[in-house]
1. Test B:Met412 against the stated conditions and say whether it is buried (at least 24 other Cβ atoms within 10 Å of the Cβ) and in a loop (DSSP other than H, G, I, E, B).
2. Considering only helices (runs of 4 or more DSSP H) fully contained in region B:36-153, which possess at least 2 residues that are more than 14 Å from chain A (Cβ to nearest Cβ) and surrounded by 24 or more Cβ atoms within 10 Å (Cβ to Cβ)?
3. Considering (1) farther than 24 Å from B:Gly296 by Cβ; (2) touching a strand residue (DSSP E or B) at 6+ places or on another chain (Cβ under 6 Å); (3) within 13 Å of chain A (Cβ to nearest Cβ), say which one B:Asn417 fails and leave the rest.
4. Can you pull out every residue in region B:379-406 that is over 17 Å from B:Ile458 (Cα atoms) and either open to solvent by less than 20 Å² (accessible area, probe 1.4 Å) or outside any helix (DSSP H, G or I) (or both)?
5. Among the residues in region B:165-186, are any outside any strand (DSSP E or B), more than 18 Å from the chain's Cα centre (by Cα) and on the phi > 0 side of the Ramachandran plot?
6. Which one is nearest to the other protein chains (Cβ to nearest Cβ) among residues in region A:74-126 that are of a type in the set (Ser, Thr, Tyr) and under 18 Å from A:Lys58 (Cβ atoms)?
7. If you scan region B:234-263, which residues turn out to be within 30 Å of B:Thr201 (Cβ to Cβ) and either at pLDDT below 95 or of a type in the set (Val, Ile, Thr) (or both)?
8. So is A:Lys129 under 30 Å from B:Thr131 (Cβ atoms) and surrounded by fewer than 22 Cβ atoms within 10 Å (Cβ to Cβ) or not?
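The values are calculated or read from the model by the stated rules, or taken from the named source; none is laboratory data. If you're wondering where the values come from, they're calculated on a predicted model, not measured in any experiment. A quick note on method: Cβ atoms are made from the backbone with ideal geometry, for glycine too, and the neighbour counts reach across all protein chains shown. Note: accessible area is taken over every heavy atom of the protein model, side chains too, but ligands, DNA and RNA are not part of it. Shrake-Rupley method; radii C 1.70, N 1.55, O 1.52, S 1.80 Å.
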Amino acid sequence: MKGHIIKYARDNIDTDVIIPGQYLKIHDYAELATHAMEGLDPNFHSKVKDGDFILSGKNFGCGSSREHAPIALSHSGIKAVLALSFARIFYRNAVDGAFLLPIEIGEDAYNAISEGDEVNIDISKNEIKNITKNQTYGMKPFSEIIGKIIEAGGLFNYKPD
Amino acid sequence: MGKTLFEKIWDAHIVVEKQSGPSLIYIDRHLVHEVTSPQAFDGLRMNNRKVRRPDLTVATMDHNVPTTNRRLPILDQTSAIQIQTLAKNCKDFGIQLFDIASPNQGIVHVIGPQLGITLPGSTIVCGDSHTSTHGAFGALAFGIGTSEVEHVLASQTLWLEKPKPFEIRVEGKRKNPHAVTAKDIILSIIKNIGTGGGTGTVVEYRGEGITDLSMEQRMTICNMSIEAGARAGLIAPDEKTFDYLRGRKYTPKNYESLVDYWRETLKTDSDATFEKKYVLHIDDIAPQVSWGTNPGMTCDVTDSVPSPDDYSKGDQNQKKGAQKALEYMDLKPGTPITDIKVDRVFIGSCTNARLEDLIEASKVVKNRKVSPHVRAMVVPGSQMVKQQAEEMGLDKIFIDANFEWREAGCSMCLGMNPDILSPGERCASTSNRNFEGRQGTGGRTHLVSPVMAAAAAIEGHFVDVREMDLS
């Protein structure tokens, strides 16, 4: 999975800036996507390209249980969020609907990867390769169930053994 | 080895358990509202599924209902559609709904306990992060996303990885319990452990500082567990818990025998171990005011706005966060909190819109007037709270002071209905989140207790409510 990085170098990116409350009444996902990250970065919609990744700090997605948050990012083209840590509900929402991959990274990757870098994420090797900078970093492996839900394509396709 | 209260409730609800990985957990109560449920019902229809236990599922409308005259049609078309959709879904799937005309309508986390739907020892979920509120009754209660809502509707279960137990002890006694409230206790905890301090855990709040609290105050504590990143927060039930639920509309018929069982079982064993511990001493804590854009960015009312360096203690990301927060909040380091003027005051939300909150705030407001440049409103947490408050004459106290007295709903806590801040407006709010834009694009939120909000409304700026006569 290859894409370019959009970096928000801060902790605690909350669900209210990912998709502000006034848009939770929108049921059309394409329209919802036009408001993604609007609370933090009004230019997000114009700069995001299909296949991009977001890179951010600790506690990404804290706050509300709104599944609209990963949906809005996913329908903007975001395929994965790389963060130092995630808030639990955002993490589960991202996985349950197979909207995007929430990938936990270390300080090395967080500090080294810059806005616009092209990276390749290899889940089978738990490895992130920075093509622009020719560097490689590790990522935290997905736990067994999360891995299986992702493989199945979401919670409703997942069939326990 | 003994078990914690959380572990006992968890173990009692395991449907499937494996050697490693998640367990399938049974859900006793599912609360539903209009915003996070429509796609879940669509999913059921698409797959020809029914709601497995409509009798354990209850719905209300709270997030985007107008808090003005309910006899008028809803002007916002998208809100109207979402509200009509919930009504249709409840009808189609046989779910009990407290709609906008019901005397039982209100914020889902206010009406659950008021109706006796919330019970000790049960598992409770809702597509809303503040579901942790119900933990005040010794329930394991937590927020879920819409896919999980659909999963619970279809199966009455959830696949969950077991969180770790976290003990937060609150020790000591507050010198002035009218001025230093449950809100100040929980804001102090979040300030100290941080917004990620509870990640991956279920908090059990213990100690004299917790058992001293009323049920409504305990709900304020558990409500904000999620703001510390915790999965849930709970408090062992005691006689106050059992008294609160006795005789409510949906309290079970065999209640007394349940109480006997709960009294014996719903407590942490003396030899149980917690993964993590934190102790807060409350003898000398001050009323709290948030100055930044997450609930951890909070200080004493007697403090000044901190500098990013002082706040971050060397952490670069924290420093950047504080700089951005001060910019957004238009605050300068060193400004005394009591010099910060407010434009709006909101007394409401699932954190602080219960009867006791309104009673305490009314003591500040009585025989006084809202500062001429401030617009202040009270939005009761439920229509029942509103009615009880009106029977006590609280509405008159607020209205005489020039507060607006509204109908029940989430209102200005999250800016989904017309109750929003204008860009740049500064609000003293009894809600739970001071995120950027939470109360309206560009709006600036300061989290405080109901008495602190009421005092800010009267004086036009933050004041130390301990200096007011609240007897």
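1. Details: buried (at least 24 other Cβ atoms within 10 Å of the Cβ): yes; in a loop (DSSP other than H, G, I, E, B): no.
In short, no.
2. Values: elements: B:38-46, B:77-93, B:108-114.
Result: B:108-114.
3. Of (1) farther than 24 Å from B:Gly296 by Cβ; (2) touching a strand residue (DSSP E or B) at 6+ places or on another chain (Cβ under 6 Å); (3) within 13 Å of chain A (Cβ to nearest Cβ), only one is false for B:Asn417: (2).
4. Here is the first cut: in region B:379-406, the residues over 17 Å from B:Ile458 (Cα atoms) are B:379-393, B:406.
Listed by number, the residues that qualify are B:Val379, B:Pro380, B:Gly381, B:Ser382, B:Val385, B:Ala389, B:Met392, B:Gly393, B:Arg406.
5. The answer is yes; a qualifying residue exists.
6. A:Ser85
7. Listed by number, the residues that qualify are B:Ile235, B:Thr241, B:Val259.
8. Answer is no for this residue.
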